[in-house]
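Enquirer: Input: one structure, supplied below.
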Amino acid sequence: MEKLVKLQIDGKEVHAPAGMNLIDAGHLADVFIPNLCYLKGMKGFGACRLCLVEVEGMKSPVIACNTKVREGMVVHTQTEKVRDIRRFILDLILAIHPLDCMTCTKAGICKLQEYAYEYELKGTSFTRKKMGYPIDQINPFIRRDPEYCILCGRCVRVCKEQGTNVLDFIGRGINAEIGTAYNKSLRESGCTFCGSCIDACPVNALPEADRWRKGREWEYKKIQSVCLLCGSGCDILVSVKDGSIQKINTGEKPGSAKKYICAYGRFGYDCIEERTKLVSPLKRVKGELRETTWKDALSIVAGKLKDAGKNTGFISTAGIMNEDALALKKFAKNVVKTKNFDTTLSLYSDVHSLRDSQSALITNSDLLVLVGLNPSQWNRVLPALDASIRKRVNRGGKLIVMNSSDTRIEEAAMLSLKGDELQILKGVAKALIDRGLKADKQLKTAVRDAEITEDMEKAAKLIAEADRPILFTSPSLFDAAANISLIKGRVIAVGLESNARGIALAGLSTEGKTYKEMVNDRMKVLYAVGEVPLTSRPAADFLVVQTSHFTDLAEQADIVLPSTTSFETEGTMIDYLGRLKHINQVIEPMGLTKSHRDILIALSKIIKPAIKKPTDAEIKKMSKGKQKLAFSPFVRKEGFDISPHEFIEAVNASVLKGRRLSWLKEALAAVAV
Ligand code: SF4
Ligand code: SF4
Ligand code: SF4
Ligand code: FES
């Protein structure tokens with residue numbers, strides 16, 4: 001158990017974990033120590049000196065962000081001495097900072113504004129100086145305006161900690177500034193436009209490029225939700241004004257650098273304003289898709305489904321919510337009475353690997369092992385997993401990479417084992433058993449003849465010595481990697497789509513034809529749900545496409561049913577770590593759009609029997625699952641050989657057609673050339 005230290009802060013008794021700094025210890029007693037450069041979860045940096053406090057028995061004030069709690073410590077955070085020093089520091093900052101709070105975008109959440117108010121500073125007593133730095137605004141995402149910069153270094157530290165390393169301090173003293181290598185624009189500096197620096201910056205030096213006059217901070221309704229664009233399933237905070245989304249930030253409290261979101265999750269929401277967003281049902285008349293009513297569209301689809309019955313196929317993405325997945329399964333089985341229902345999950349995983357994955361938290365783990373997985377912030381394959389792993393490593397965790405191909409993440413690893421992952425896993429399992437760790441008889445027999453290399457021995461040592469190791473694996477290697485977790489650690493297969501684990505737990509996997517078979521065989525009716533990544537028409541007699549945007553597949557459909565996006569729908573998903581997450585509706589459904597489940601329920605009322613909306617109890621029950629890990633032979637599951645990058649781009653094609661992400665695609669392509 002964590003050792004607690006007793007101390008006093010501003011007369012309040014605090015019991016804080018040993019090793020905690022005074023800023024965080026103050027929070028435990030609702031004492032807020034002013035700070036500008038501190039980021040919760042990171043080591044104190046000591047750049048701003050605003051967090052100075054007095055400790056009884058010490059001659060000079062100390063910085064709270066870098067001073068650890070000690071038994072019996074008596075701390076004063078509001079003495080005249082420290083308040084005077086803070087006022088002096090703020091006075092100095094204001095001498096080189098624009099005083100345009102009345103129109104500044106950051107007004108309302110600017111830390112400098114907050115402290116200037118608290119310390120009664122309307123301006124500076126020093127001679128004001130304008131630095132005349134150029135503004136970097138040749139990208140549609142981030143406006144970098146160094147004139148506002150107070151050199152707190154938060155942006156530099158988050159960018160470094162997550163491994164992107166674009167920003168740094170340049171120059172010294174009064175000439176110090178934050179910049180990029182060779183003073184290039186963000187676009188030319190390898191920036192991924194994740195915007196972590198936007199969330200970190202306490203002032204107006206790094207706002208979103210389009211924030212100017214999009215409303216004041218206090219006018220926004222802030223709604224927590226989840227990004228469903230990739231298997232990371234990141235928490236997001238959506239700011240809404242007048243019924244439309246104004247910006248998206250990471251779903252954590254300001255002043256903390258724990259969570260990450262990528263450019264897709266932060267900026268991709270503009271796709272809901274694109275003309276490709278569907279707002280009305282469409283039906284094909286004389287070769288052309290024309291608008292029609294829901295009544296007409298539903299009655300045509302119901303008729304076709306009744307007629308086709310078991311010759312109907314349902315294909316869906318694994319990015320739909322749990323409620324939609326359960327409704328789709330019930331609709332297919334109980335209403336249309338077909339066994340053919342499958343999702344894109346079957347292109348990169350079997351159901352068992354995701355359903356039987358264990359749960360764990362990266363932040364609690366001291367050793368992460370990547371087996372055959374290649375997450376990357378740069379090509380946006382599970383970018384948040386890449387960033388979280390790098391952060392964990394930078395905060396003291398260790399990383400082992402096992403991969404037969406080169407990966408960029410191995411630059412953060414303590415140990416990188418190259419070669420066939422199965423041989424590596426076998427060798428490591430044998431080395432663990434040789435070290436005296438317990439394993440069952442079958443496993444011992446399976447690895448008896450395995451060769452143990454020096455690196456395998458090192459990996460086994462790291463695993464044996466770790467307290468909470470986690471193995472993240474590609475689904476095709478899950479069974480083999482799970483054998484290690486039978487000896488030690490937790491094992492998690494990572495899917496490429498946000499709700500892959502939820503889909504597996506909901507049992508939305510075929511009892512008849514597979515996704516590929518339904519696409520290639522001639523189904524009487526093929527019914528596609530979500531942004532199914534097909535560009536040409538499958539060989540179906542009748543094609544129904546139920547989607548939020550006019551996708552390539554929708555263009556080929558006989559009937560198009562307009563569904564809501566995740567911003568317009570409430571529901572749940574289960575992330576790759578096994579957490580059930582709530583998705584809040586942030587805006588009203590556009591036009592005549594309906595949620596996937598509501599469309600299916602409406603159809604069931606025509607075809608009969610009518611199905612009901614899945615209940616919270618059903619969702620909770622399915623989310624629990626029961627992991628059944630047992631020894632499996634060391635084999636790679638075949639048939640999952642799609643390119644993760646191409647697949648993720650394909651399922652997000654409509655989001656990528658939004659104005660800003662189209663720019664990003666072109667910019668990255670230009671850099672690649
Ligand atoms: S957007 Fe991301 S990669 Fe670019 S500078 Fe900011 S933190 Fe670094
Ligand atoms: S740009 Fe913002 S976060 Fe970065 S050092 Fe300047 S004030 Fe701090
Ligand atoms: S990493 Fe994936 S889930 Fe997270 S913000 Fe980006 S696209 Fe969304
Ligand atoms: S917060 Fe402690 S020095 Fe800045």
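Yes/no per residue for (1) more than 15 Å from ligand 2 (Cβ to nearest atom); (2) surrounded by fewer than 22 Cβ atoms within 10 Å (Cβ to Cβ); (3) farther than 30 Å from residue 82 by Cβ; (4) small (Gly, Ala, Ser):
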site	(1), (2), (3), (4)
121	yes, yes, no, no
128	yes, yes, no, no
132	yes, yes, yes, yes
135	no, yes, yes, no
138	yes, yes, yes, no
145	no, yes, yes, no
148	no, no, no, no
152	no, no, no, no
155	no, no, no, no
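Enquirer: Residue by residue through segment 245-277, note down the ones that are away from ligand 1 (no atom under 16 Å from the Cβ) and closer than 22 Å to residue 582 by Cβ.
Expert: 245, 246, 251, 253, 269, 272
Enquirer: Across segment 641-673, which residue is nearest to residue 376 (Cα to Cα) among those that are surrounded by fewer than 16 Cβ atoms within 10 Å (Cβ to Cβ) and modelled with pLDDT of 90 or more?
Expert: It comes out as 645.
Enquirer: Follow-up question, since we're still on this one. For segment 625-673, enumerate the residues that are part of a helix (DSSP H, G or I), without any contact (Cβ under 8 Å) to a residue 12 or more places away in the chain and among the hydroxyl-bearing types (Ser, Thr, Tyr).
Expert: 662
Enquirer: Residues in segment 385-402 that are open to solvent by 10 Å² or more (accessible area, probe 1.4 Å) and within 13 Å of ligand 3 (Cβ to nearest atom): how many?
Expert: Result for segment 385-402: 1.
Enquirer: With the structure loaded, tell me whether residue 12 is open to solvent by 10 Å² or more (accessible area, probe 1.4 Å), within 14 Å of ligand 4 (Cβ to nearest atom) and modelled with pLDDT of 95 or more or whether it fails that test.
Expert: no
Enquirer: Oh, and also: Considering only residues that are over 24 Å from residue 43 (Cβ atoms) and among the β-branched types (Val, Ile, Thr), look in segment 75-96 and name the one that is farthest from ligand 3 (Cβ to nearest atom).
Expert: 79
Enquirer: Just checking, which of 92, 99, 52 is open to solvent by less than 30 Å² (accessible area, probe 1.4 Å), without any contact (Cβ under 8 Å) to a residue 60 or more places away in the chain and more than 30 Å from the chain's Cα centre (by Cα)? Even if it seems obvious, please write down each step before you answer.
Expert: Values: 92 fails: open to solvent by less than 30 Å² (accessible area, probe 1.4 Å); 99 fails: open to solvent by less than 30 Å² (accessible area, probe 1.4 Å).
Result: 52 is the single residue among 92, 99, 52 that is open to solvent by less than 30 Å² (accessible area, probe 1.4 Å), without any contact (Cβ under 8 Å) to a residue 60 or more places away in the chain and more than 30 Å from the chain's Cα centre (by Cα).
Enquirer: Could you list, in sequence order, all residues of segment 341-373 that are of a type outside the set (D, E, K, R), in contact with a Leu (Cβ under 8 Å, 6 or more places away or on another chain) and part of a helix (DSSP H, G or I)?
Expert: If the condition is that a residue be of a type outside the set (D, E, K, R), in contact with a Leu (Cβ under 8 Å, 6 or more places away or on another chain) and part of a helix (DSSP H, G or I), then 345, 351, 354, 362 are the ones that fit.
Enquirer: Of everything in segment 260-292, what is crowded, with 21+ Cβ neighbours inside 10 Å and either in a loop (DSSP other than H, G, I, E, B) or in contact with a Lys or Arg (Cβ under 7 Å, 6 or more places away or on another chain) (or both)? Give them in sequence order.
Expert: 260, 261, 262, 264, 267, 271, 278, 281, 282 - these are the residues of segment 260-292 that are crowded, with 21+ Cβ neighbours inside 10 Å and either in a loop (DSSP other than H, G, I, E, B) or in contact with a Lys or Arg (Cβ under 7 Å, 6 or more places away or on another chain) (or both).
Enquirer: For segment 19-35, which positions are aliphatic (A, V, I, L, M) and crowded, with 24+ Cβ neighbours inside 10 Å? Show your work before the answer.
Expert: So in segment 19-35, the residues aliphatic (A, V, I, L, M) come out as 20, 22-23, 25, 28-29, 31, 33.
If the condition is that a residue be aliphatic (A, V, I, L, M) and crowded, with 24+ Cβ neighbours inside 10 Å, then 22, 23, 25, 33 are the ones that fit.
Enquirer: How about segment 148-259: which strands (runs of 3 or more DSSP E) wholly inside it have at least 3 residues that are free of Cβ contacts under 8 Å to residues at least 60 places away in the same chain?
Expert: Counting at least 3 such residues, we get 167-170, 177-180, 235-241, 244-250.
Enquirer: Here is a follow-up. Give the residue that is most open to solvent (accessible area, probe 1.4 Å), with candidates limited to residues of segment 430-475 that are touching a residue at least 60 places away in the same chain (Cβ under 8 Å) and in a helix (DSSP H, G or I).
Expert: Top of the filtered list is 442.
Enquirer: Search segment 342-355 for residues that are under 26 Å from residue 311 (Cβ atoms) and among the small types (Gly, Ala, Ser) and pair each with any residue that is part of a helix (DSSP H, G or I) and modelled with pLDDT of 95 or more when their beta-carbon atoms are under 8 Å apart and the residues are at least 6 apart or on different chains.
Expert: Qualifying pairs under 8 Å: 346/515; 346/516.
Enquirer: Continuing with the same structure: Being open to solvent by 10 Å² or more (accessible area, probe 1.4 Å) and closer than 26 Å to residue 96 by Cα is the requirement here; does residue 189 meet it?
Expert: no
Enquirer: Is at least one residue of segment 55-68 polar (S, T, N, Q), within 16 Å of ligand 2 (Cβ to nearest atom) and over 18 Å from residue 12 (Cβ atoms)?
Expert: no
Enquirer: Then there is this: Suppose we filter 619, 559 for residues that are touching a strand residue (DSSP E or B) at 6+ places or on another chain (Cβ under 9 Å), surrounded by 20 or more Cβ atoms within 10 Å (Cβ to Cβ), more than 19 Å from residue 320 (Cα to Cα) and in contact (Cβ under 8 Å) with a residue 40 or more places away in the chain; which single one remains?
Expert: Going through 619, 559 in turn, just one is touching a strand residue (DSSP E or B) at 6+ places or on another chain (Cβ under 9 Å), surrounded by 20 or more Cβ atoms within 10 Å (Cβ to Cβ), more than 19 Å from residue 320 (Cα to Cα) and in contact (Cβ under 8 Å) with a residue 40 or more places away in the chain: 559.
The values are calculated or read from the model by the stated rules, or taken from the named source; none is laboratory data. These numbers were taken from a predicted model, which means no experiment stands behind them. Virtual Cβ from ideal backbone geometry, glycine too; neighbours counted across all protein chains shown. When the accessible area is computed, the model is the full protein with side chains, heavy atoms only, and any ligands, DNA or RNA have been set aside. Shrake-Rupley method; radii C 1.70, N 1.55, O 1.52, S 1.80 Å.
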